[in-house]
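Working notes, beginning with the structure itself.
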Amino acid sequence: KFTYWAGAGWSLAGEIVDAAAWHETVRRFQKMCSAEPLPVASACGGISKSEYLDLMEAAVRAYSDERLVSYCAEAERDGVQEHGFPRLAANLAILVANGRLADKRELAKKMMDVACRDAKKGKMPPKSGGNEFSVKELSIALAELEKRRTYPVSVTDSWRKALKGVKAENSYSWGRMKVDLPSAHNWVVFACASEQSRIRNALGGSADFVEKYVADQIRWFDSCGMYRDPSQPIVYDIVTRLQFAQILNHGYSGPSRAKLESLMDLSADPLLKMLSACGEIPYGGRSNQFLHNNTFYSALCEWYAVRFAGKGDMAKASEFRRAAAESVNAMRGWLSERPVSHVKNLYPRESGKGVYSEKADIGCERYAYFDKYMITMGSWAMLGWYFADETIPAADYTPAKPDVFLLSPTFHQVFMKAGEYSAQFDYCANKLYDCNGLGRLHRRGAPAQLCISIPCVKSPGYRLPEPNGSSLAIRPVVDNTAAWNIMHEARTAEYALTRWSVGDLKWDCKLTSGGMEMVLSGKDKVAMDLPAFEFDGRESTRISYDDSSLSISYRGWVCRYQTDGRIAPAGFTAHNRNGKYKAFRASGGKSLKVRITIEKE
């Protein structure tokens, strides 16, 4: 069998059965080849393994050379304090193994020395996270280093010996956690992924440990096959399913395998349907609006692509390859910013260091500081690189047919798609992170935050530049105690429709390829709140309005609200993770119409 390279983007593979035929095949191939490399893959072309390495490299390069050196010195002196360091070591090691960042070869070795040394030692400080998150990545990195013979065997054998010394019950923060507890616990799923990775790579590992917690944690999948972490944050559904995917990929064959596979298959369609027109995972709960949200979504899609291809369903496999590309391409703009940040806004970055940092960046929880979460983007790109099968083509992009999709009541989210638009509603929001209403309206290609990407919350569980006076989303003005119920949904060739009961109001929302059309009605005068994006942390938008219209211009796009009522400022501003929004209000008689469009200027 052979693989023959004829240029930067051209390769030929096959099997040699006849020397003369082989030479003739190569001669014709060389004649066909251009001297120029193939173009970079687009959203419909799928993401290559090399592009996933690009993302890993971007994550590593976001740390200055001085910070990499000081980070290593701190960990060597004080011990590894949180899992960002071993993840950085693993990412850097894989890059060096693949011929990248050659100038950091010795630093990569030193970081692997420290990370593997401390993995064997045991638990990290309780607040910081632990070996659950990093042992699996160190195992993957070691396998790649050994495969590429990047360092002498004596060096890689020392890392192998250290990782073999990890003891599941003692080295993981929750290694002796009881089963049948009254809530989910995603940390033990990460620990199972680490143990299964050790088993796969002949580094020890406890199959009994893996079975014990896989069997226990699959209790927390809902009717859509989604993982119900406490308070049901969307991030911890997708990222925990990614750990289960890695467990299966690494050969888990315990008694719970069949049940786990069926649950993972059940959640395949929801995963595709929940991706927004701007390539973002849904809002909902903690740890949202970070760059690593995009790479863990892409990695899970790559796993599903391989799974469905293995079943012979290439159409579905190609859909997942396209979704993975959509999510990766959605973050390219953020990666081009200088300095690079791990959260989706442009406020100045803090130092980014510390365990449970008291000086978190704007839009971040205390645990979501730069040192930990920037490399997390690279770590999930690592799994995308690991899972991706470049022989699976990505489906071509086509505008969405009108559709409405409801998650289970535990996640209380409703999605609509039509053409290049997507919308997301929450009807039972977690008040620390979200509020009820239309909290997202996206159009493909436009800045995600232009209309709104996540709601604004009065007292959020993350840092803001200043306090919010009120929550804010696109929604009827009602008492905070009003019940929200979806009464009806419909799909036609031209539109997707949801009909809501909000207290004693009726709210019809119709999404078409031309935007969102809403009608609000009640017994008395009615009104709707309208957020106007004002500031992204660095740049201000242009806001203009008159009695019946409101326009927000930003980076070549404009969001327009039009009404048959009257539009006026509501008298307050509110922030979310993306930036600052000025509140407007549309008011009318017993009925009010509002139309929202997002268009190029």
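The values are calculated or read from the model by the stated rules, or taken from the named source; none is laboratory data. Note that the coordinates shown come from a computational prediction; the quantities given were computed from them, not determined experimentally. All Cβ positions, even for glycine, are placed from backbone atoms using ideal geometry, and neighbour counts span all protein chains on display. The area values use the complete protein model at the heavy-atom level, side chains included, leaving out ligands, DNA and RNA. Shrake-Rupley method; radii C 1.70, N 1.55, O 1.52, S 1.80 Å.
Here is how the numbers come out for the structure above:
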{"item": "Theoretical FRET efficiency, 1/(1+(r/R0)^6), r = Cβ-Cβ of SER154 and GLU539, R0 45 Å, to 0.05", "result": "0.25"}
{"item": "Aspartates and glutamates with Cα under 14 Å of LYS523, excluding same-chain neighbours fewer than 8 positions away", "result": "ASP504"}
{"item": "Where labels lie 7 Å past Cα in the beta-carbon direction, separation of LYS164 and ASP208 in nm", "result": "2.1"}
{"item": "Among 507-520, 247-260, the order from most to least packed when residues are scored by Cβ within 10 Å on average", "result": "507-520, 247-260"}
{"item": "Label-point separation, ASP396 to SER336 (7 Å along Cα→Cβ), nm", "result": "2.6"}
{"item": "Dipole moment magnitude, nearest 20 debye, the chain about Cα centre, only Lys, Arg, Asp, Glu C-beta charged", "result": "460"}
{"item": "Packing rank of 52-61, 143-152, 522-531, where each peptide gets the mean count of other beta carbons within 10 Å, highest leading", "result": "52-61, 522-531, 143-152"}
{"item": "Surface per residue (accessible, 1.4 Å probe) for the chain, Å²", "result": "40"}
{"item": "Largest-first principal axis extents of the Cα set of the chain (Å)", "result": "79, 60, 48"}
{"item": "ASP403-SER549 pseudo-label distance in nm [points 7 Å out on the Cα-to-Cβ vector]", "result": "3.3"}
{"item": "Two-decimal Rg/Rh across the range 264-422, once Rg and the Kirkwood Rh are taken from alpha-carbon atoms", "result": "1.00"}
{"item": "Listed pairs LYS273/LYS311; LYS458/LYS506; LYS104/LYS273; LYS121/LYS344; LYS212/LYS417 exceeding 29 Å between Cα atoms", "result": "LYS104/LYS273; LYS121/LYS344; LYS212/LYS417"}
{"item": "Between helix 234-249 and the chain: long-axis angle, C-alpha atoms, 0 to 90°, nearest 10", "result": "30"}
{"item": "Global geometry of the range 182-288, whether rounded, prolate or oblate, following the gyration tensor of its Cα atoms and the 1.5 cut on a/c", "result": "prolate"}
{"item": "Reachable aspartates and glutamates, given that their alpha-carbon falls under 15 Å from the alpha-carbon of LYS600 and they are not under 8 places away in the same chain", "result": "GLU420"}
{"item": "Degrees between helix 291-310 axis and first principal axis of the chain (Cα, 0 to 90, nearest 10)", "result": "70"}
{"item": "Length gained when the stretch ALA215-ALA568 is fully extended (0.36 nm per residue, less Cα-Cα span)", "result": "121.5 nm"}
{"item": "Helix-derived mean residue ellipticity, 222 nm - over the chain, DSSP H n ≥ 4, -39500 (n - 2.57), to 500", "result": "-11500 deg cm²/dmol"}
{"item": "Helix 186-200 vs. the chain, principal-axis angle (Cα, 0 to 90°, nearest 10)", "result": "30"}
{"item": "The range 539-601: radius of gyration over Cα atoms, expressed as a fraction of 2.2 N^0.38 Å", "result": "1.16"}
{"item": "Apportionment of accessible area to carbon and sulfur, the chain, percent (1.4 Å)", "result": "51"}
{"item": "Rounded Å value of the spacing that divides the Cα centres of the range 46-92 and the range 195-266", "result": "26"}
